[in-house]
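I am attaching a structure below and will ask some questions about it afterwards.
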Amino acid sequence: MKKTFLCSILLFQLFIQYLGVVATSKNFGNSSGKSSEFKESVDPGFDLFFASNDREVENVPIYFKNPLPPWIKGTLIRNGLGRYEIGQRRFTHAFDAFAKLLSWKFPGNGTAFFSTKFIQSDFYKKSIEMHDIAPYLLFETVEPEFNVFQRFEALLRGIDNMNVNVYKFGENDVAVLNDFWKVYTIDPISLKTRTSITPSIHVPKSPSAFTFLNFISSAHPLPEMGTPHHLSYLSSVNIIPGMKSRISLVRIKSSEEREIITSWEVDRVPYMHSFAATKNYVVFFACPYFINVKKMVRYAIPERSLDWEQESPTILYVVHIKSGKVVTMMTDNVFMMHQINAFERDGVIIVDISAYPNPDFVKNLEMKNLLDPIKRNQFNTRASVRRYTITLNTQTVVWKTFRDTETAPCASALDLPTINEFYRYRPYCFAYGVALKCNNVSLSDIAIVKKDLCGRGRDKMWKIANHYAVEAWFIPEPGGGKYEDDGYLVLPVLNGEAKSSYLAFIDARSMEMVNSAEIPMIVPFNLHGRFFDDLL
């Protein structure tokens, strides 16, 4: 009944739009009009960050300049962007590129092996078969745009491109994720795609339950402390205007098995890419970036279906994991994509996030901007690390920012954060991340930064001109290290001048690169990943 009702609404909307369709020609050339010579003189090779790489390889040996420590044993798997066009169509936004996995295996005997493969989603396979980008729901759109019937088809098929993250939920249970309920499982050794899973779950009954669309979740589950499980959430969007929607805190037992811990009603569903957790609590930052169902039906483009309210406060939902009790609080207007860490201390909850004044930078990561050496420097991409102190007894929230030092002038502008995971949910000092536009002039001026959140002046950064870095993963020394920063930051880097990529090992204490290995191909921009010390 729910699907028939929704289809009727969509068909009516699309028929009305079809009556007014006017064919327009699309320019597939360089809209900026800038020559390739000018691009190269500004930031050589940066365009390769957002260029397709169709090659797939498995277990190709790579060679480090210096011997690897024998305790570096496991597999680094990263998820990200591999292909930006098929046939005559191309994606207009970087976030929509076809998902491609990368892995680096470290057997522990000094050798290392590189693999990369596309995720064989239904979306990808259908597009390859058609030699065209198949109609599936995207974050933004394509050029040439889908016609009204293709947009209708895309709405029915939904999101199928899991290009954001990778997680291990159990023995031999590795899944790739996006901000949606559906996942794909993979073989972590060969990187072959196994199957798609849309977990079944019982959503609490309500008078409008039959009109819920249960499809929005997080690409950043967090471990549930003291258990083998993970925590995430499910947003149930009500398609009937004026009716309540619902958010549920979810326990992930496996890629297939999930259970609701607690649920609560909301007037509108906010977009939440990640959330924070401690030993006893989960904290959701419901920034005022709301899903507009009418716009989704009209445009079939999620990016155009999100409403930002600059004057509205951000709502915090603080959930006690054991009891399921939800406390609702408010704080100043803010937008965030990634939490850094959270912990409990002296009766309060401390949450660190990478904050933004609004979500404009997400929209600005369109291909026409990223590939234009002038436009890409004209929008603000700098985050700001914020620390929130939440006192439940008084239901108060206060926040502060951090000053930078001369040694790392953009350390507080980090996003794509990582920490020593031994300090997850514990008091800690160091957050590491990517600072785009470090010089506040060029987007391509990218630094890997170390922020001292304890205020002892230990900020540092690593940066090489025209070397373009992505998110790092912290591999700690055995046992977590004697000190919090004992370990390595490991990440792929694009050398724009040489037009090649390498895997870098950065000493997390000194923030100096101490080892590297050339990768046998250019690695485009990739989003998230992690090191699995039990996968080989």
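The values are calculated or read from the model by the stated rules, or taken from the named source; none is laboratory data. In this text, all values refer to a predicted model and were calculated from it rather than measured experimentally. Every residue, glycine as well, gets a Cβ built from its backbone with ideal geometry; the counts of neighbours run over all protein chains shown. These area figures cover heavy atoms from the full protein model, side chains too; ligands, DNA and RNA do not enter into them. Shrake-Rupley method; radii C 1.70, N 1.55, O 1.52, S 1.80 Å.
My understanding is that a pair violates if its Cα-Cα distance is over 18 Å; which of Lys73/Lys100; Lys100/Lys125; Lys168/Lys253 do that in this structure?
The pairs that break the limit, which is 18 Å between Cα atoms, are Lys73/Lys100.
So how strong a dipole does the chain carry about its Cα centre when Lys and Arg Cβ are +1 and Asp and Glu Cβ are -1, to the nearest 20 debye?
Its charge dipole is roughly 860 debye.
On to the next question. What Kirkwood hydrodynamic radius do you get for the stretch 144-183 when you take the inverse of the mean 1/r over all pairs of distinct Cα atoms, in Å?
One over the average 1/r among Cα pairs gives 12.0 Å for the stretch 144-183.
Counting helices only, and only those DSSP H runs with n ≥ 4, report the 222 nm mean residue ellipticity of the chain as the sum of -39,500 (n - 2.57) divided by its residues, in deg cm²/dmol to the nearest 500.
-3000 deg cm²/dmol
Same structure again: Carbon-plus-sulfur fraction of the accessible area of the chain, 1.4 Å probe, in percent?
52 percent
While we're looking at this one, here's another question. At q = 0.12, 0.23, 0.26, 0.28 Å⁻¹, what base-10 log of I(q)/I(0) does the Debye formula yield for the stretch 210-276 when every alpha carbon is treated as an equal point scatterer in vacuo?
Values returned for q = 0.12, 0.23, 0.26, 0.28 Å⁻¹ are -0.32, -0.99, -1.17, -1.28.
Among Ile349, Val490, Pro359, pick out the residue whose Cα is farthest towards the positive end of the charge dipole of the chain, where Lys and Arg carry +1 and Asp and Glu carry -1 on C-beta, about the Cα centre.
Among Ile349, Val490, Pro359, the one farthest towards the positive end of the dipole of the chain is Ile349.
Taking the Cα centre of the stretch 70-212 as the origin, how large is its charge dipole in debye, to the nearest 20, when only Lys and Arg (+1) and Asp and Glu (-1) carry charge on their Cβ atoms?
440 debye
Let me ask you something else. Quick one: Cα convex hull volume of the chain, Å³ per residue? Mind dumping the intermediate values first?
Values: hull volume 79.9 nm³, N = 536.
That works out to 149 Å³ per residue.
Just report the Cα centroid separation between the stretch 223-270 and the stretch 308-385, whole Å.
Going from one Cα centre to the other spans 19 Å.
Taking all pairs of distinct Cα atoms, average 1/r, flip it, and tell me the Kirkwood hydrodynamic radius of the stretch 388-536 in Å to one decimal place.
Radius from the Kirkwood sum: 16.3 Å.
While we're looking at this one, here's another question. Give me the Å³ per residue figure for the convex hull around the C-alpha atoms of the stretch 460-536. Mind dumping the intermediate values first?
Values: hull volume 8.2 nm³, N = 77.
For the stretch 460-536, the hull spanned by Cα atoms encloses 106 Å³ per residue.
Starting from the coordinates of the alpha-carbon atoms of the stretch 151-280, obtain the Kirkwood hydrodynamic radius over all distinct pairs and give the value in Å to one decimal.
15.5 Å
Next question. Which helices, taking whole DSSP H runs in the chain, have alpha carbons extending 20 angstrom or more along the helix axis plus mean Kyte-Doolittle at least 0.0?
TM-like helix candidates: 2-19.
What is the dipole size for the stretch 366-417, taken about its Cα centre, with +1 at each Lys and Arg Cβ and -1 at each Asp and Glu Cβ, in debye to the nearest 20?
It works out to roughly 120 debye.
With viscosity set to 1.002 mPa s at 20 °C, what whole-number translational diffusion coefficient in µm²/s follows for the stretch 285-420 from Stokes-Einstein and a Kirkwood radius over Cα pairs?
The estimated diffusion coefficient comes to 125 µm²/s.
Based on the alpha-carbon gyration tensor of the stretch 406-491, what equivalent-ellipsoid semi-axes (square roots of 5 times the eigenvalues) come out, in whole Å, largest first?
Here the semi-axes work out to 23, 14, 10 Å.
What percent of all Cα-Cα pairs in the stretch 296-367 falls in each 5 Å bin, counting up from 0?
Going out from 0 Å in 5 Å bins, the stretch 296-367 shows 3, 11, 16, 21, 18, 13, 10, 5, 2, 1 percent.
I'd like to compare 120-126, 263-269, 107-113, 77-83: which one has the highest average count of other Cβ atoms within 10 Å, and what's the full order after that?
Numbers: 120-126: 18.9, 263-269: 16.3, 107-113: 14.1, 77-83: 25.1.
Top to bottom by mean Cβ count within 10 Å: 77-83, 120-126, 263-269, 107-113.
Take the Cα pairs of the stretch 71-138, get the Kirkwood Rh, then feed it into Stokes-Einstein at 37 °C and 0.692 mPa s and tell me D in µm²/s. All intermediate terms of the calculation are to be shown ahead of the outcome.
Working: Rh = 13.6 Å.
My calculation gives 242 µm²/s for D.
Starting from the Kirkwood radius over alpha-carbon pairs of the stretch 358-410, derive D by Stokes-Einstein at 37 °C in a medium of 0.692 mPa s and give it in µm² s⁻¹.
Result for D is 230 µm²/s.
Principal axes first, then extents: for the Cα atoms of the stretch 134-207, list largest minus smallest coordinate on each axis, whole Å, largest first.
The Cα atoms of the stretch 134-207 stretch 44, 42, 16 Å along their principal axes.
Mean projection of the alpha-carbon convex hull of the stretch 205-358 over all orientations, in nm²?
For the Cα atoms of the stretch 205-358, the hull's average projected area reads 9.7 nm².
Now for a different question. Report P(r) for the stretch 251-310: all Cα-Cα distances, bin width 10 Å, range 0 to the bin holding the largest distance, values in whole percent.
In whole percents, the pair-distance histogram is 18, 38, 32, 12, 0.
At 1.4 Å probe size, with every protein chain present, just tell me what the per residue accessible area of the chain comes to in Å². Please list the in-between numbers first.
Numbers: 21860 Å² over 536 residues.
Ligands and nucleic acids excluded, the figure is 41 Å² per residue.
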